[in-house]
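A.B. asks: Below you will find the structure I want to go over with you.
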Amino acid sequence: MQALSIREYQKRRRHLLDVMTPNSIAILPAAPIRVRNRDSEYPYRQSSDFHYLSGFAEPDAVMVLIPEREHGESILFCKEKNPDYERWNGKLAGQEGAIEHYLFDDAFPIDDIDEILPGLLEGKQRVYYSMGLDEKFDRRVMEWINVIRSKIKNGAHPPGEFVALEHTLHDMRLFKSSAEVKIMKQAARISAEAHNEAMRICKPGMYEYQLEAAIQHVFLREGSRAQAYNCIVGGGENACILHYVTNNDKLKSGDLVLIDAGCELDCYASDITRTFPVSGQFSAEQRTIYEIVLASQDAAIKEVRPGRHWNQPHEAALKVITEGLREIGLLNGELNELIETEAYKKFFMHRTGHWLGLDVHDVGDYKVGGEWRVLEPGMALTVEPGIYIAPELEDVDPRWKGIGVRIEDDVIVTKQGGDVITSGTPKKVDEIEALMRGK
């Protein structure tokens, strides 16, 4: 499996330390273990921020960064090596591994944090810590602060202010390095192949979950141990339910099936949606709606380039979709008025994309100073317009009802424009039909 160099994580910590104010400290806890039921746990997945700065995949850890600390600026509290624990649960890095393999300057046992961390906090003016994300850990932080406050009469100085770490850290995460892009392209390749496999095997009478199984099989076969999000396989009118994940219905001849699925690789997400006919051939009505969505996506992708702002791809897609719905009689009125009054939301109710990275809906501000953010090289985003004609809609010609179409690709902003990294799975009607025929 593709993985980042540990030096890149070290470089990120160095950058964050450089922008922290003097006499400050940053505290980041690892993600906790989460119980699925009784004594069974969910597969562990590290906090994205913690992973971004360390590559460290163990729970029960806390990262501390202290600019200009004499004995080392980057510190990791983690589990000690323990043969009995490791026999049941797997190898641990320990304090030596934290320094040797993860390049931290200093490391301590996590069981000693209550004794050590108040001393590291004492006298600091500013604490970079994101309150409100983990209530249990918030209480521990305040307990450490109160330990210092209890010693004020003896000359102790508690921190003067708390500052959320997200603004600086998430702006760093918004811009992908060449190494990150390489991993994201590999994740995109795997996901594209999974969608191709679903198209190849799809036939009437199968169940939605059987296509989901085929997708997960490709993920695992190609080296991805996790989905980036819950897989959506919506046949027929289920495609009109935006977050449909039940995936239990039988696929019917004459219906479309919408699949929204992406693998995760080294914690980096991919995100692809394809819509195709269960029986291998689009009907005239399905093809008409599909071609409108595809044209809107093409228009949006053309707007993904440096100097364009975040909303321009959405505006381009919106114009094409609204005009297309006018042409087939699903919307009536003047184009600009329909857009201004949001009449299109009856059929297209979501945004055209989102940032992509360590989270499938990745971090990063969409507006800066009240204005849409300008796209720059290194940013990664999805482009995913859709049209959903729910069967319960009134005043809609029955021949359109139950058709749901979304087409989604992952795009990296480059100096030249937008690099579509998910092009390994077809989206043109003729190409989809050819793949499903086995050609």
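Bear in mind these aren't lab numbers, they're just calculated from the coordinates by the rules spelled out. Keep in mind the model is a prediction, meaning the values are calculated, not measured. Every residue, glycine among them, receives a Cβ derived from its backbone with ideal geometry; neighbour counts consider all protein chains shown.
A.B. asks: Residue farthest toward the positive end of the dipole of the range 64-213, with Cβ of Lys/Arg at +1 and Asp/Glu at -1: which of PHE137, MET172, GLN95?
C.D. replies: MET172
A.B. asks: Would you list, by chain and number, the aspartates and glutamates whose Cα falls below 20 Å from the Cα of LYS439, excluding same-chain residues fewer than 8 positions away?
C.D. replies: Cα-Cα hits under 20 Å: GLU193, GLU197, ASP430, GLU431.
A.B. asks: Let me ask something else. Each residue of the range 390-405 in order: what ³J(HN,Hα) in whole Hz does its phi give by Karplus 6.51 cos²θ - 1.76 cosθ + 1.60, θ = phi - 60°, with x for Gly and Pro?
C.D. replies: Coupling constants for the range 390-405: 4, x, 7, 5, 8, 6, 10, 4, x, 5, 8, 5, x, 8, x, 9 Hz.
A.B. asks: Could you work out Rg/(2.2 N^0.38 Å) for the chain, with Rg from alpha carbons only?
C.D. replies: In units of the globular-protein estimate, the chain measures up at 1.13.
A.B. asks: Using helices alone, I'd like the mean residue ellipticity at 222 nm for the chain: each DSSP H run of four-plus residues gives -39500 (n - 2.57), total over residue count, nearest 500. If you can, show how the numbers build up before the last one.
C.D. replies: Numbers: 13 runs with 155 residues, N = 439.
The per-residue figure over the chain is -11000 deg cm²/dmol.
A.B. asks: HIS71 to GLU342: FRET efficiency via 1/(1 + (r/R0)^6), r the Cβ-Cβ distance, R0 56 Å, to the nearest 0.05?
C.D. replies: Values: r = 58 Å, r/R0 = 1.04.
Plugging the Cβ-Cβ distance into 1/(1 + (r/R0)^6) gives 0.45.
A.B. asks: Over the Cα atoms of the range 201-334, compute the convex hull volume and normalise it per residue, giving Å³.
C.D. replies: Cα-based convex hull of the range 201-334, divided per residue, equals 133 Å³.
A.B. asks: Among all the aspartates and glutamates, which ones have a C-alpha under 15 Å from LYS151's C-alpha, if same-chain residues fewer than 8 places away are not counted?
C.D. replies: Those aspartates and glutamates meeting the cut-off are GLU115, GLU122, GLU143.
A.B. asks: Report, please, the projected area of the range 210-261 averaged over directions, based on the convex hull of its C-alpha atoms, in nm².
C.D. replies: Values: hull surface 14.5 nm².
One quarter of the hull surface, i.e. the mean projection, equals 3.6 nm².
A.B. asks: Name the residues of the range 367-405 whose amide N is less than 13 Å from a point 7 angstrom out from the Cα of ASN332 along the C-beta direction?
C.D. replies: Backbone N within reach: 395-397.
A.B. asks: Next question, about the same structure. Using only Cα atoms, locate the centre of the range 154-176 and the centre of the range 300-371, then give the distance between them in Å, rounded to an integer.
C.D. replies: Their Cα centres are 34 Å away from one another.
A.B. asks: Along the positive direction of the dipole of the chain (beta-carbon charges: Lys, Arg +1; Asp, Glu -1; about the Cα centre), which of LEU325, SER296, SER191 reaches farthest?
C.D. replies: The listed residue farthest towards the positive side: SER191.
A.B. asks: Quick one: which of LYS182/LYS428; LYS346/LYS401; LYS79/LYS153; LYS182/LYS203 span more than 23 angstrom between C-alpha atoms?
C.D. replies: The answer is LYS182/LYS428; LYS79/LYS153; LYS182/LYS203.
A.B. asks: Continuing with the same structure: Rounded to the nearest angstrom and ordered from largest down, what semi-axes does the equivalent ellipsoid of the range 256-318 get from its C-alpha gyration tensor (root of 5λ)?
C.D. replies: After diagonalising the Cα gyration tensor, the semi-axes are 25, 21, 7 Å.
A.B. asks: Provide Rg and Dmax in Å for the range 147-207, with only Cα atoms included in the calculation.
C.D. replies: For the range 147-207, the Cα radius of gyration and maximum Cα-Cα distance read 25.7, 77 Å.
A.B. asks: Give the average over all directions of the projected area of the C-alpha convex hull of the range 95-238, one decimal, in nm².
C.D. replies: Result: a mean projected hull area of 14.0 nm².
A.B. asks: Something else: Normalising by the residue count of the chain, find the relative contact order in percent from Cα pairs under 8 Å and 6+ residues apart.
C.D. replies: Averaging sequence separation for qualifying contacts and normalising by length gives 14 percent for the chain.
A.B. asks: Given charges of +1 on the Cβ of Lys and Arg and -1 on the Cβ of Asp and Glu, with all other atoms neutral, how large is the dipole of the chain about its Cα centre, in debye to the nearest 20? Before the final figure, lay out the partial values.
C.D. replies: Details: 53 positive and 70 negative charges, 124 e Å.
Dipole magnitude for the chain comes out near 600 debye.
A.B. asks: Using the Kirkwood radius over C-alpha pairs as Rh, can you work out the diffusion coefficient of the range 25-92 via Stokes-Einstein at 25 °C, viscosity 0.890 mPa s, in µm² per second?
C.D. replies: Taking Rh from Cα pairs, D becomes 182 µm²/s.
A.B. asks: Continuing with this model, one more query. For the range 338-439, rounded, prolate or oblate, judged on the Cα gyration tensor with a ≥ b ≥ c (square roots of eigenvalues), a/c < 1.5 rounded, else prolate if a/b > b/c?
C.D. replies: Here the range 338-439 falls in the oblate category.
A.B. asks: Calculate how large, on average over all directions, the projected area of the Cα convex hull of the range 1-140 is; give the answer in nm² to one decimal.
C.D. replies: That works out to 9.6 nm².
A.B. asks: How large is the Kirkwood hydrodynamic radius of the range 276-400, counting all unique pairs of alpha carbons, in Å?
C.D. replies: Taking the inverse mean of 1/r over all distinct Cα pairs, the range 276-400 comes out at 15.9 Å.
A.B. asks: Pop the C-beta distance of THR414 and ASP111 into the FRET formula with R0 = 35 Å and round what comes out to the nearest 0.05.
C.D. replies: Working: r = 47 Å, r/R0 = 1.35.
With R0 = 35 Å, the Cβ-Cβ based efficiency is 0.15.
A.B. asks: To continue, here is another question. What ranking do 374-383, 91-100, 332-341 get when scored by the average of other Cβ atoms within 10 Å per residue, highest first? The partial results should precede the final answer.
C.D. replies: Numbers: 374-383: 20.4, 91-100: 17.5, 332-341: 11.6.
With the highest mean Cβ count within 10 Å placed first, the list reads 374-383, 91-100, 332-341.
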